1. Determine the per residue accessible area of segment 273-345 with all protein chains present and a 1.4 angstrom probe, expressed in square angstrom.
2. If N is the number of residues in segment 111-203, what value comes out of its Cα radius of gyration divided by 2.2 N^0.38 Å?
3. I'd like the accessible area for VAL108, computed on protein heavy atoms only with a 1.4 Å probe and all protein chains in place. Round to 10 Å², please.
4. Are there trypsin sites (Lys or Arg not before Pro) in segment 133-174 that DSSP puts in a loop and that have at most 11 other Cβ atoms within 10 Å, and which ones?
5. Give, in nm to one decimal, the length gained when the segment between GLU325 and GLU300 is fully stretched (0.36 nm per residue of separation minus the Cα-Cα distance).
6. Cα-based Rg (one decimal) and Dmax (whole number) for segment 148-261, in Å?
7. If I take R0 = 22 Å and measure r between the Cβ atoms of GLU15 and ILE316 in this structure, what FRET efficiency does the formula 1/(1 + (r/R0)^6) give, to the nearest 0.05?
8. Keeping the other protein chains in place, figure out the carbon and sulfur percent of the accessible area of the chain, with a 1.4 Å probe.
Amino acid sequence: MSVLTLDGSGVYFDEVRARGVPIACAGLRHRADPVGLARAVQLAGPPSSAIVSRGVSAHLVGHVLARRQRAAHVVTEHLGDDPLGIRPLRPHQRLLLGPMRPRANVVVAVSTSQTARLMRDGYRPDAIRVIPSGVADDPPVRERQAVRAELDVGRGAFLAVLVAALRPEKRAALFVEQVTAAHAVQPSIHGLVVGDGPEAASVARVVARSKGAVRMLGFRSDAVDIMHAADVLCLTSAVEALPLSVLDAMSVARPVVATNVGGLPEAITDGENGVLISPDNPADMALALVELARSRARAEALGRAGRRRQQRSFSIEAMTRGYAELLADLNRAAVRARRRDPTTT
């Protein structure tokens, strides 16, 4: 196994290298950089059974490497089905990816809800394989009351948090509005927006109108600590596949109130480990928050059920087992191909 990054080292580069995994960076300046592409080919090393890629540029480079090495190309896709085009690819990205998609040997989705989109995008139905994302079963978190004190959360407050990149499809302003509405009915309810992104300024304007019911924290590296300190995680998205924030909240036994989109019903069963609401009726979120704030025991029970679901179906072990089985299958296929044709690399 080896890792090749394209245009930068990334936050885990040194850790991966320290664990003995060969890793290199091609220093790609842009997708058409001939020097960077040549360096990527050189750094890719000896022939592989499979090339696994993530992201537009990586898919393109991975496709070239796979064809050059006669290896299987495994594409990973984490975007949810988006029939309304809320988060479309740019025209040049669609043009570049078009020829590659039907030729991918495998496309790994994180949710069955992605299947329709992947087929519309040109991937072969028989190439789609679902491997759900996973998170740590017992993530290290700081003491709950200490984090609440740092965040200046009042005693007895029922804290709802949104953890997301603030992009249009996340609809963070709706979260702020619904927490504000719930706070007007049940004053113990307060909200925090954790994250940053292109919608941050517009969300901040809505937060300013909440009269203190909701605050923005921006990007936080301790987001899991904040979810653990909260009473419920909320998600108001119009488009999702299988968001890690939901799995993280489940891992620390926090209930989830989320829109019923994408793969969320695969993780959340309404009334069992959270509450699912229609994306077209966000006012139901305020009603759900009021109900949970008035029945803390039920909220805690939903959170415990979520933790059991996460440990059973969305663990790191389950995810890595899925990838290991896939790569083993591809390796066996490569061995069989070499036996049939010794000239195959």
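The values are calculated or read from the model by the stated rules, or taken from the named source; none is laboratory data. Not measured: the values here are computed from a predicted model. Here the Cβ is made from the backbone with ideal geometry for all residues, glycine too, and neighbour counts use every protein chain on show. Accessible surface is based on the protein model in full, side chains and every heavy atom, while ligands, DNA and RNA are left aside. Shrake-Rupley method; radii C 1.70, N 1.55, O 1.52, S 1.80 Å.
1. Numbers: 4180 Å² over 73 residues.
Value returned for segment 273-345: 57 Å² of accessible area per residue.
2. Working: Rg = 18.7 Å, N = 93, 2.2 N^0.38 = 12.3 Å.
With N residues counted in segment 111-203, Rg over 2.2 N^0.38 Å equals 1.52.
3. 0
4. Details: sites: ARG142, ARG144, ARG148, ARG155, LYS170, ARG171; in loops: ARG142, ARG155, ARG171.
Sparse-neighbourhood loop trypsin sites (Lys or Arg not before Pro): ARG155.
5. Numbers: separation 25, 0.36 × 25 = 9.00 nm, distance 3.58 nm.
Stretched out fully, the GLU325 to GLU300 stretch lengthens by 5.4 nm.
6. Rg, Dmax (Cα atoms, Å): 12.8, 35.
7. On the way: r = 15 Å, r/R0 = 0.70.
The formula returns an efficiency of 0.90 here.
8. Numbers: 9170 of 16870 Å².
Here it works out to 54 percent.
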